[in-house]
Amino acid sequence: MLFLREGLSVSEIVADLQDRLPSQFVERGQIRINGELVPRALWRSVRPKASSAERPIAVTFHIVHENSGGGGGAKQIIGLVAALALTVVTGGIASGAILGTFTGMLGTSLFGSATVGAAVLAGAVGLAGSLAISALTSAPVLRAGDTKSTSDDDNRSASASGNSAAEPGGSIDRVIGTTKVYPRLVGQPVISIENRDDIVEAVFVLNGPHKIEDLRIDEAPFEASSDIQVQYREGWQDDQPIDLVNRYGRQTGAQFELSAHTVDPEDMSQLLNRVNPSENVPKWHGVPTRRSPDEVWCRFTLPAMGYRTTEDQLVIPIRTRIRLRGTTQWRNLPEFHISAQSISPFKNELQLKWDMPEPTDVPTVPSKNGVYFVAKATPGQTNVPVTAANQADGYFSAGSGNDYLYRGTESTSNVRHVFAYDNRIVMHLTSAAFPRGIYDIQMKRGFSYKASDFSKSNYQFKSAVTDFFWFTDNGTIAESRENKGEQIVHQFTTSVYNAPILPTPGFATIAVRARNAQINNVSCMASGYVRDYDPATGRFDKWVTTSNPVPHYVDVHIGGQNVDPLPEDLLDLEEMIEWRQRCIDAGYTCNEIIVDQSIDDVRSLIASCGYAKPYQSDLWSVVQDYDRSQEPVVQVFSPRNARGFSFNKAFPKLPDGFRINYRDKTADYATEEVVVFRNGYDGGEDGKLEGVYYGGLDEETQVVMRARFDLAQAEKRATFYSWEAPAEAIVCRRGSLVAIEHDTLARHTGRARIKEVLIDPATNLITGIRLDSVASILNTPGMHAVTDMHAVVDMHTVGIRTALAVRRTNGWITTHLTSSSSDEETDLVTFASPLADLYAPGSVFDPTEIPEISPGCLVIVGNHDRVYKRVIVSEMQPTTDLIYKMVAVDEAPELWADGLSKYVLQESGSKVLQETSSGLFWEP
């Protein structure tokens with residue numbers, strides 16, 4: 001690309017470039033700006049504006065070449081000779097930005113009639129993003145949701161480095177190949193009380209069947225013990241349900257300390273605000289439940305409960321009330337008092353259980369540690385100020401009688417549906433009395449007291465009925481707070497559902513049950529089961545674990561994880577089988593965690609790891625990228641069977657290399673970084689690097705190989721060839737290797753159709769052909785064979801020998817040397833050696849059979865070393881009247897020359913390039 005200053009007129013541009021343009025350009029050249037012809041009379045007046053992302057400006061130069069020989073008339077105008085953007089292209093390095101700058105470029109070409117691919121490669125777009133759009137096969141850049149192509153997205157980071165919770169209706173991770181994964185939690189861990197122990201129950205899942213190995217808890221290898229139990233399920237449809245964990249829960253509400261009476265530090269029985277002591281009494285604190293739980297557990301933690309100077313047990317009273325969301329009436333639950341005779345940490349729970357059987361054997365109420373007193377009704381305070389009685393909901397009363405429950409009254413108490421234990425108080429509810437739904441729960445505490453000062457039978461404290469949640473006259477409380485460990489903290493509330501957490505099979509599951517263990521993360525080596533190709537059945541129906549990309553690509557389309565799978569007969573199984581073998585031979589693998597990605601993103605990633613790109617037409621398939629130097633072209637296009645030919649050369653401002661992040665399996669799948677420079681770069685380690693994240697590749701050698709290929713592809717495939725072709729283009733598809741011929745691609749070239757086939761009747765061999773137009777046949781001796789250099793008319797012809805490429809009636813394109821001993825313009829061409837067509841020497845001629853070489857066959861004339869240009873079709877778009885718009889890129893066999901996954905087709909029945917006395921041709 002040439003960079004010229006802004007403000008030059010068209011005439012000044014021509015003057016500056018006169019040494020780069022053909023000598024006859026000033027007399028017969030044409031100049032266009034964004035495709036619009038600039039009249040020659042206005043060259044001095046027109047001054048192109050500077051190009052911008054919003055309005056790219058391209059100046060193109062055209063010239064008419066006239067035929068120098070007889071026959072054939074004037075040749076076509078050369079499509080594109082030079083494309084000069086009048087701006088320095090900036091940006092793109094490490095930005096990866098596609099939207100914004102790229103969006104405005106889609107409708108306006110940088111090169112007049114340039115393709116999207118050329119515009120992208122020349123614009124301010126990161127190279128990795130450009131390749132994803134325009135390259136034959138894109139880089140394996142991981143994309144997901146709001147993924148940033150240069151680093152992990154939040155979801156993927158969690159799956160790769162720590163367990164995150166799956167949201168209801170959210171996605172579950174799937175492993176492609178084999179990799180280390182931190183499976184998602186289903187719900188949240190359920191923490192229950194068992195004696196004085198905490199029991200943690202958690203379930204981790206992966207989507208679909210997986211092989212689970214090397215389970216680690218907090219990065220340490222798991223070993224079965226009584227403290228940690230684990231149960232696996234691989235995720236098959238007929239797996240037995242998990243029974244180690246048979247419930248799930250969701251925590252709600254924040255952690256907070258229940259407020260106590262605010263007292264004067266100098267007199268800890270006196271409230272701090274003597275004027276308005278009601279401001280210093282405990283307040284209600286609230287937590288919500290989830291929708292319609294089976295159980296609700298409110299966990300209280302008492303960091304240090306007891307007297308610091310005596311061994312007398314300390315008691316803290318607690319009142320709770322609940323209200324169904326959407327109603328206004330609070331319903332009181334029985335008041336309960338927690339007792340402890342210890343200054344060590346202490347925990348207790350309030351548990352509400354809906355529609356569950358109550359214990360038939362009434363438990364004995366604790367006398368010291370635990371819930372040692374329950375009251376369904378408490379009298380109001382008799383001392384000033386007098387307070388009203390507190391009454392629990394009538395549901396908890398069996399009628400008149402004993403309103404209290406404590407040790408010794410278990411069989412006589414009229415408190416119903418309440419059971420007191422040393423670590424919890426359980427209240428059984430029915431949905432008839434307490435309709436299921438979302439409840440708000442409120443709680444508050446009273447001042448703590450010595451158990452010896454309280455009479456449980458008549459609710460008297462120090463011989464008087466006292467309101468533990470209020471105050472007495474003069475703004476005091478009946479018990480000083482001095483020298484007491486009485487802090488009580490609401491730790492969490494859990495809504496519990498007593499049902500299997502996975503109602504349907506098909507998920508690989510790890511259930512963990514741990515006692516008094518803090519589990520920070522659970523990881524494993526997971527391998528996604530997938531159906532691989534079975535030669536015995538000819539289908540992809542053999543369940544295996546594999547890192548070969550192809551079975552996973554097939555599974556994405558027709559497997560059980562696709563909610564709308566593709567009918568199997570719409571998948572190009574023949575191509576899949578061939579691609580699968582190529583991946584085996586080249587060692588291509590894909591090992592990745594799929595996290596909340598679209599099917600398009602997943603199949604693009606898998607295909608990229610296998611050096612391919614998704615393809616969708618009548619069949620769903622891929623475009624494979626590999627060394628095609630040993631393969632024939634499937635079609636040939638020239639001005640005789642195509643029109644509107646042009647090519648667009650992109651001049652991208654390439655980075656000096658990639659700084660690539662990837663998960664390295666040799667480093668326990670930690671994210672590692674490797675820098676890969678472009679081939680030929682020698683600017684040291686301070687070059688401009690573009691940051692990308694490669695997914696699916698977990699070995700440095702794979703990453704380096706792919707990066708070299710991607711960087712080279714941006715250079716070797718930066719030209720985009722465009723043309724329109726009739727219905728005969730239908731033999732092609734995206735990824736087809738085809739031949740193109742045009743005056744703009746080679747100096748000595750031509751095209752014609754066969755008018756007559758000359759056959760030797762004695763041998764039935766083809767000796768020559770007559771064309772429907774004149775061709776330039778060259779057979780100039782090489783430089784060392786020329787005896788008189790003064791006799792050479794055109795030095796460019798020295799050493800050139802003309803060959804013909806014939807598209808036979810069976811579709812094969814074969815190349816043959818001509819026999820002319822001197823340069824000539826002729827329509828009669830003889831071959832260096834006769835050709836055996838359908839007829840072997842001595843066979844009987846059958847005029848009803850169509851020979852492979854016959855009148856009407858297309859012929860391409862060109863240099864013997866390259867009669868036509870080999871390109872790969874990258875885009876095909878049908879238009880009206882069976883006309884196809886074609887776009888192709890260079891075959892670029894040099895991409896594979898340095899050992900990048902070189903693959904040569906050697907299957908039975910393949911076509912092999914052979915050298916004979918009559919030239920180069922393809923045969924089975």
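What follows is calculated from the coordinates using simple rules that are stated; it is not laboratory data. Worth saying up front: this structure is predicted, and the values here are computed from it rather than measured. Neighbour counts run over all protein chains shown; Cβ positions are idealised from the backbone, glycine included.
Within straight-line reach of K653, meaning a Cα separation under 16 Å, sit the following aspartates and glutamates at least 8 residues removed in sequence or on another chain: E690, D710, E715.
Counting every other Cβ atom within 10 Å of each residue's Cβ, L131, L737 order from fewest to most as L737, L131.
Length gained on full extension, D473 to Q30, computed as 0.36 nm times the residue gap minus the Cα-Cα distance: 148.9 nm. Shape class of segment 548-603 from the Cα gyration tensor (axes a ≥ b ≥ c, square roots of the eigenvalues): oblate, since a/c reaches 1.5 or more and a/b does not exceed b/c. One chain, two ends: Q231 and Q877. Fully extended at 0.36 nm per residue, the span grows by 227.2 nm beyond their Cα-Cα distance. Each label was represented as a point 7 Å from its Cα along the Cα-to-Cβ direction; for L324 and D823 these points are 10.1 nm apart.
Among C857, C590, sorting on how many other beta-carbon atoms sit within 10 Å of each Cβ, with the fewest leading, yields C857, C590. List residues of segment 333-372, by number, whose backbone nitrogen lies under 20 Å from a label position 7 Å along Cα→C-beta of T412. Zone members listed by number: 362-368, 372.
Simple point charges give the picture: +1 on the Cβ of Lys and Arg, -1 on the Cβ of Asp and Glu, and for segment 229-300 a dipole about the Cα centre of about 240 debye.
What FRET efficiency do you get for R40 and K688 if R0 is 35 Å and r is their Cβ-Cβ distance, rounded to the nearest 0.05? E(calc), rounded to 0.05, equals 0.25. For the residue pair F256 and K462, what label-to-label distance in nm results when each label sits 7 Å from Cα along the Cα-to-beta-carbon direction? For F256 paired with K462, the spin-label model returns 3.0 nm. Which shape class, rounded, prolate or oblate, goes with segment 184-234 when its Cα gyration tensor gives a ≥ b ≥ c as root eigenvalues, a/c under 1.5 marks rounded, and past that a/b bigger than b/c marks prolate? Verdict is oblate for segment 184-234.
Label sites at D440 and V489, each approximated as a point 7 angstrom past Cα along Cα to Cβ, lie 2.6 nm apart.
Each residue in Y459, Y449 was given a count of other beta-carbon atoms within 10 angstrom of its own, and listing them fewest first yields Y459, Y449. If we count every other residue with Cβ under 11 angstrom of A375's Cβ, Lys/Arg +1 and Asp/Glu -1, where does the sum land? Taking every other residue near A375 into account, the sum is +1. With a Förster radius of 60 Å applied to the C-beta separation of V634 and Y681, the computed FRET efficiency comes to 0.95.
FRET efficiency for the pair R47 and D534, taken as 1/(1 + (r/R0)^6) with r the Cβ-Cβ distance and R0 = 51 Å, rounds to 0.15. In units of the rule-of-thumb radius 2.2 N^0.38 Å, segment 331-414 shows an alpha carbon radius of gyration of 1.23.
Taking the Cβ of F645 as the center, what net charge do the other residues with Cβ under 10 Å away carry, scoring Lys and Arg +1 and Asp and Glu -1? Once positives and negatives cancel, what remains is -2.
Here the gap between A15 and D585, fully extended at 0.36 nm per residue and compared with their Cα-Cα distance, gives a gain of 199.6 nm. Does segment 525-624 classify as rounded, prolate or oblate by the C-alpha gyration tensor (a ≥ b ≥ c root eigenvalues; a/c under 1.5 gives rounded; else a/b over b/c gives prolate, otherwise oblate)? Rounded shape, in that the Cα axes give a/c under 1.5.
Residues of segment 542-559 falling in the label zone of L619, defined by backbone nitrogen less than 15 Å from a point 7 Å along Cα to beta-carbon, are 554.
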